[in-house]
Amino acid sequence: MLLPWLVTCLAGCAVILSPVSEGCGPGRGYGKRRSPRKLAPLAYKQFSPNVAEKTLGASGRYEGKITRNSERFKELTPNYNTDIIFKDEENTGADRMMTQRCKDKLNSLAISVMNLWQGVRLRVTEGWDEDGHHSEESLHYEGRAVDITTSDRDRNKYAMLARLAVEAGFDWVYYESKAHVHCSVKSENSVATNSGGCFPGGAWVTLEDGGQKLIRDVCPGERILASSEIDGSGELIYSEVLTFLDRDPATWKQFFTIRTESGASVSLTAAHLLFVSKGNCSGGEEAAFGSMRTIYASDAQPGQCLLTTVTGELVGQNEEGRKGVGRLSRISQVNMREDVGVYAPLTRHGTLVVNGVVTSCYAVVDEHNLAHWAFAPLRLLHHWTGSAGGHVGDTGVHWYSKVLYWIGSLLLGSEHFHPWGLADPWR
C-alpha cells in the first residue's frame, strides 16, 4: 500500500509545481534550459543573512571553546582537500580542523572558486583557533568559522568570493575586511539547521466550542478556526487538522512577534507565511477577496495590515460552521524573541487562526497559493486513507514537506525560497 500512494504524491507534486517555473511547464520557455542566475557580489562590510552571526537566523549560539584536551574535540575533523590552501601559520594543522558542516561547505566553495577563476584555488587564512587570537565567543574557537581569500590574493575577487560562499551554503558570510572574507556555520547539533515555519508551543487556536487550546496540545482530527478563502479573506470556518508539518517540543527557535493596533499578537518563525493587505488599509475593515497577499514573517513591517478576528463575532455559528470574518488591523510593532517548541499544524483549508490572527499553514516557499496546490496530494492521501502520513507524537519536519522541498528546489530558483528555510530538509 505504501508504494502506490507515495508514487501518487510525488507525481502530483511534480505536476503541480512544474507549471509555475518558467522553462519547466507549458508555454514560453518550455523545454529550454534555464539561464544561469547572475550572482551579485557582496558589498564591503555586508553580511548575509542580514542578522547578527550568533543568532538562530544565522550560525546560532556560541556553545563553548573546543580545546585538544576537551571531550568536544571529537566534533572536529581535519580537511585535507588538495584544492584548498591552508595558511597554517601556527604550523600545528589547526586551520585544517573544523566541524563536518563547515568542511562540507568549504569543499563546495572550493569547487565554485575553481570553476569561476581558472587556475585559482580557495585559501584559508584562519580556521579553528586554539590560541585565543580572536574575540570572546568567536566561532573560530569551535571550528565553525573560517577566514578565506583566493590563492592569488587578488582583493578584487573577494566581493564575489563572499557571494560564492553564500551560494555554497555557509550560514553566515561577512565581507569583513579588504584582506579576507569571514564565513561560519551552525553547530552540528544546532536545532537552527532544521528551520521550517512554525508557531511556539504557547500559541493558541480556537476550537469549535469557542474555547481556546494551546497549539502544542492540538491533535489531528480536531477542527480549529481558519479562513475559508485561499488568501485569508472571507468567512471564517472550522477546518480539520490533518497533520503537523513540523513538530518538536524541545527545539529552541527565534520567533518574530508581530503586534497589531487591535491588541492581537502572534509569534512565527521567519520563514512562515502571513497574510497582509496589498494596498493602503484602515483598521476594522473587512478584507475583500483578492485584496490580500502573503509575506514571510521576517518581512512584516509596522503599518501593514493583518487579518484579525473579533471575539464578539465568534459566538454561535451558522449551519455551514462559519464564524464571522477577519478584520484588518495595522501592525504596530515587530520584535524578535526566542522560545521553546515549534508546531506547524496543517488544516484542510491551508489556513488557521493563531492568537486571533489569520495566518497560512505554509512556510519557506514565497507563495501561499503555490504551497496549497503542492500539498493537494497530501490532502488527497488523507481523504483516501484517513491519514496524512504523520503519527501522533512524531517530531521533526513531515516527510512530505522534505520531499516537496527537494522537488521544488529542482524546479524553482532559490529566489522562491526563504533564505532561512529548510537549510537541511533531509534532517
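Here, each number is a calculation from the coordinates, and none is a lab measurement. A quick note: this is a predicted structure, and the numbers were derived from the prediction, not measured. Cβ coordinates were reconstructed from backbone atoms using ideal geometry, including for glycine residues, and neighbour counts include every protein chain displayed.
Assorted remarks:
- Extent along principal axes [Cα atoms of the stretch 211-257; Å; largest to smallest]: 35, 25, 21
- From least to most packed, judged by other beta carbons within 10 angstrom and beginning with the fewest, SER48, SER267 follow the order SER48, SER267.
- Counting only residues at least eight positions apart within a chain, or on another chain, the lysines with an alpha carbon under 17 Å from that of LYS105 are LYS186.
- For a straight C-alpha distance cut-off of 30 angstrom, the lysines reachable from LYS213 (same-chain residues fewer than eight places away being disregarded) are LYS253, LYS323, LYS402.
- The gain in end-to-end length when the TRP406 to SER332 segment is fully stretched comes to 23.0 nm, 0.36 nm per residue minus the alpha carbon separation.
- As a proxy for reagent exposure, LYS87, LYS65 were ordered by neighbouring Cβ count within 10 angstrom, fewest first; the result is LYS87, LYS65.
- Segment GLU167-LEU116, length gained on full extension (0.36 nm per residue, minus Cα span): 17.1 nm
- With each label modelled as a point 7 angstrom along the Cα→C-beta vector, the THR92-PHE289 pair spans 6.8 nm.
- Going from the residue with the fewest nearby Cβ atoms within 10 Å to the one with the most, ILE258, ILE66, ILE407 rank ILE407, ILE66, ILE258.
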